[in-house]
Amino acid sequence: MPIIRKGRTAVITLPKWNDHIQKTQRIKPYYLTPVIPRATAQSWGADKGLKRKPQYVFDADPTYKTTKLLPLISRNAIGFDQNGDTIFLYLKKFNRKQAISRHLRRKALQGLLQMQFTPCASSGRPELRGAQAFNDRKAGTFAGEYNTGWMHLGGEFRIGLDPNRVKDPEKIKRAQHNDKLAKTFIVPMLRRISDIFARALPKAFGTQNCKIKSQHRYGETTPFSTLTFLKSAPSAVHLDAKNGAGSLACMTTVGTSTPYVGGSFCLVEYGVEIKVQPGDLLIAATPFHWHANLSPVEGEKYSIVCYFKDVLQRKRKVICAECGGEFLDRPDRKKPRCPSCLANKVGRT
């Protein structure tokens with residue numbers, strides 16, 4: 001902590017962490033403006049009410065163009081929106097070393113090669129159901145997914161391991177097999193990702209880290225409750241809205257000895273395309289910004305996505321369905337009512 005001396009007095013100043021990290025890690029800042037309206041990006045996503053399926057970017061608009069900043073994003077970079085909020089942080093190196101070391105990637109690959117992936121055609125996520133058909137336009141690479149960790153749909157449960165939700169013993173056995181592989185081979189990489197997240201974006205990390213309860217931490221020390229593993233699975237336009245708008249997702253890729261092609265990540269509203277390669281780390285505000293993969297995947301590309309389902313919090317700020325005021329309540333209520341409105345309702349009855 002630097003000390004500035006003035007005469008006989010000493011003034012202690014705190015470092016500006018954003019500027020400090022930006023300089024030491026040689027992170028290039030980008031101040032972004034939308035290339036398409038947010039409503040347009042939203043119209044390309046799924047809508048249950050309208051029975052609308054999500055689209056891939058160039059299917060929705062063949063003339064779509066990414067920003068001219070694209071060719072420059074091949075080094076450490078951070079992107080801010082028009083309000084100064086962080087959209088993404090892309091790191092190829094951290095402390096002059098590759099963000100995710102070759103050793104960690106090799107270890108993770110041992111587990112990923114043994115995992116049993118579910119075909120995307122039967123995915124519970126609309127943005128992934130068309131991944132196989134999308135890949136079939138090129139080489140026809142198999143597209144699969146596997147999810148592990150904690151979820152909340154009217155009650156907390158571990159994905160694939162809750163006998164009240166999964167009746168097929170074979171599915172539970174497969175989930176146990178994959179979960180064991182993840183804890184053995186993937187957790188060391190998660191710790192590295194968590195360490196970089198804490199150092200590079202300390203404020204965002206602290207906010208997320210304070211929310212998560214100890215029993216929901218994947219790997220015991222990380223700020224992640226849930227993981228998604230994707231095998232050559234490009235997604236259509238979507239938001240990770242259920243993760244919570246205040247949290248960030250961390251993403252990296254692992255490749256085999258044969259290089260893969262395609263599947264670059266795109267922040268649709270801002271026209272930013274980022275080709276995340278093995279060893280890179282991307283931290284992005286995916287719960288708030290529409291995103292997708294631009295092209296089919298040729299070859300085996302394993303993506304690891306780590307995030308926090310903030311619905312797992314016991315209570316958080318919600319908006320009252322009657323008066324519109326903010327108060328603390330369980331996040332799973334469809335029509336939350338603050339104590340005042342509940343008292344008035346009781347008084348009227």
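The values are calculated or read from the model by the stated rules, or taken from the named source; none is laboratory data. All figures in this text were calculated on a predicted structure; none of them were measured in a lab. Neighbour counts run over all protein chains shown; Cβ positions are idealised from the backbone, glycine included.
Restricting attention to segment 159-200 and to residues that are in contact (Cβ under 8 Å) with a residue 12 or more places away in the chain and charged (D, E, K, R), the residue that is nearest to Gln25 (Cα to Cα) turns out to be Arg199.
Within segment 264-296, track down each residue that is part of a loop (DSSP other than H, G, I, E, B) and within 21 Å of Ile36 (Cα to Cα).
Filtering segment 264-296 down to residues part of a loop (DSSP other than H, G, I, E, B) leaves 264, 271, 275-280, 285-290, 294-296.
Once the filter is applied, which keeps residues that are part of a loop (DSSP other than H, G, I, E, B) and within 21 Å of Ile36 (Cα to Cα), segment 264-296 yields Ser264, Gly271, Lys275, Ala285, Thr286, Pro287, Phe288, His289, Trp290, Leu294, Ser295.
For segment 261-273, taking the residues that are closer than 17 Å to Ile304 by Cα and touching a residue at least 60 places away in the same chain (Cβ under 8 Å), the one that is surrounded by the most Cβ atoms within 10 Å (Cβ to Cβ) is identified as Cys266. Only residues that are touching a helix residue (DSSP H, G or I) at 6+ places or on another chain (Cβ under 7 Å) and closer than 22 Å to Ile100 by Cβ were counted in segment 305-323, giving 3. Summed over segment 168-183, residues that are closer than 29 Å to Gln313 by Cβ and either of a type outside the set (A, V, I, L, M, F, W, C) or under 22 Å from the mean Cα position of the chain (by Cα) (or both) total 9.
Name the single residue, out of those in segment 101-151 being among the charged types (D, E, K, R) and within 21 Å of the chain's Cα centre (by Cα), that is farthest from Val261 (Cα to Cα).
Going through segment 101-151, the residues among the charged types (D, E, K, R) turn out to be 102, 105-107, 125, 127, 129, 136-138, 145.
Among the residues that remain, those that are also within 21 Å of the chain's Cα centre (by Cα) are: 105, 125, 127, 129, 145.
Details: Arg105: 18, Arg125: 24, Glu127: 20, Arg129: 20, Glu145: 18 Å.
By that ranking, first place goes to Arg125.
Taking Arg26, is it assigned to a loop (DSSP other than H, G, I, E, B), of a type outside the set (S, T, N, Q), under 30 Å from Ala99 (Cβ atoms) and not assigned by TED's automatic domain parsing to the domain that holds Arg137?
Details: assigned to a loop (DSSP other than H, G, I, E, B): yes; of a type outside the set (S, T, N, Q): yes; under 30 Å from Ala99 (Cβ atoms): yes; not assigned by TED's automatic domain parsing to the domain that holds Arg137: yes.
For Arg26, the condition - assigned to a loop (DSSP other than H, G, I, E, B), of a type outside the set (S, T, N, Q), under 30 Å from Ala99 (Cβ atoms) and not assigned by TED's automatic domain parsing to the domain that holds Arg137 - is met.
Counting only helices (runs of 4 or more DSSP H) that sit completely within segment 92-188, those holding 1 or more residues that are closer than 26 Å to His291 by Cα and in contact with a Ser or Thr (Cβ under 9 Å, 6 or more places away or on another chain) correspond to 102-114, 126-129, 131-135. Taking the conditions (1) among the hydroxyl-bearing types (Ser, Thr, Tyr); (2) modelled with pLDDT of 95 or more; (3) surrounded by fewer than 18 Cβ atoms within 10 Å (Cβ to Cβ) in turn, Ser74 satisfies each one other than (2). The residue of segment 241-254 that is surrounded by the most Cβ atoms within 10 Å (Cβ to Cβ), among those that are within 15 Å of Asn147 (Cα to Cα) and at pLDDT below 90, is Asn243.
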